[in-house]
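Here is the structure we will look at, set down as structure tokens.
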Amino acid sequence: MLTITSGSLLYLVLWGLIATVAMTSILEGSRGLGFSRLSLPFLIGAFFTRQRRWAVIVGFIVYTIGGWLFAFLYFLLFASVGMFTWWFGALVGVVHGLFLLVSALPLLPFVHPRMASEYHAASTTRVLEPPGFLAMNYGYHTPLTTLIGQTVYGATLGGFVQLQQAMNG
């Protein structure tokens, strides 16, 4: 059984940050290499401000906090099914990535104040391109790079729990 102490909570926060940094590095690296145009931190930051510079800064802060919160959800899932391995974390990451690509990103234009939709063209306030199904509007490699990033995120968190179990047990 996984028990959370104040010490393990500190490690959970640390590994949540490490997993978020690893995933973000893959996603932003794929953008920098031209495999994708998707920048989740920018899209999140654009919720809060029109100024591109501030959107990136605010987006990275909110994105990092979201990575920590998702880490807690992953750990709760690991504990609820009693499976504490890197490969189960990777599998959860793949499922999370598929949900993001198939459901969450295509719904984004309906809630994002600055994003055009597949049904309504860009306007003076809605200037961001919608991701579309599997975020394909942001490049044909976007689904693959997103799934790789989410898989690494989950594997990192699962590997941490597996390591903690081995050290405690």
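Values quoted throughout were computed directly from the atomic coordinates according to the rules given, and no laboratory measurement underlies them. Owing to the predicted nature of the structure, the values given are computational and were not obtained by experimental measurement. Don't worry about glycine lacking a Cβ; one is built from the backbone with ideal geometry, like all the others, and counts go over all protein chains shown.
Numerical summary
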| item | result |
| --- | --- |
| Other-chain or far-sequence residues with amide H under 5 Å of Leu128's (modelled H) | Met115, Ala116 |
| Computed Rg/Rh of the range 97-155, alpha carbon atoms with Kirkwood Rh | 1.04 |
| Cβ-defined net charge surrounding Leu43, 14 Å radius [Lys, Arg +1; Asp, Glu -1] | +4 |
| ³J(HN,Hα) computed for each position of the range 34-50 - Karplus, 6.51 cos²θ - 1.76 cosθ + 1.60, integer Hz, glycine/proline x | x, 7, 8, 10, 6, 10, 4, x, 5, 4, 5, x, 5, 4, 9, 8, 7 |
| Leu98 paired with Arg37, simple spin-label distance in nm, labels 7 Å along Cα-to-beta-carbon | 2.8 |
| Between the range 81-109 and the range 131-145, the Cα center-to-center distance that results, in Å | 16 |
| Evaluated over the chain, the Cα radius of gyration and Dmax, each in Å | 17.1, 59 |
| Residue among Gly82, Pro109, His96 farthest towards the positive dipole end of the chain, charges placed on Cβ | Pro109 |
| Extension gain, Val13 back to Tyr119 (0.36 nm per residue minus Cα-Cα distance, nm) | 34.1 nm |
| MRE, 222 nm, helices only [DSSP H, n ≥ 4, -39500 (n - 2.57), over the chain, to nearest 500] | -21500 deg cm²/dmol |
| In Å, descending, principal axis extents of the Cα set of the range 43-96 | 45, 17, 13 |
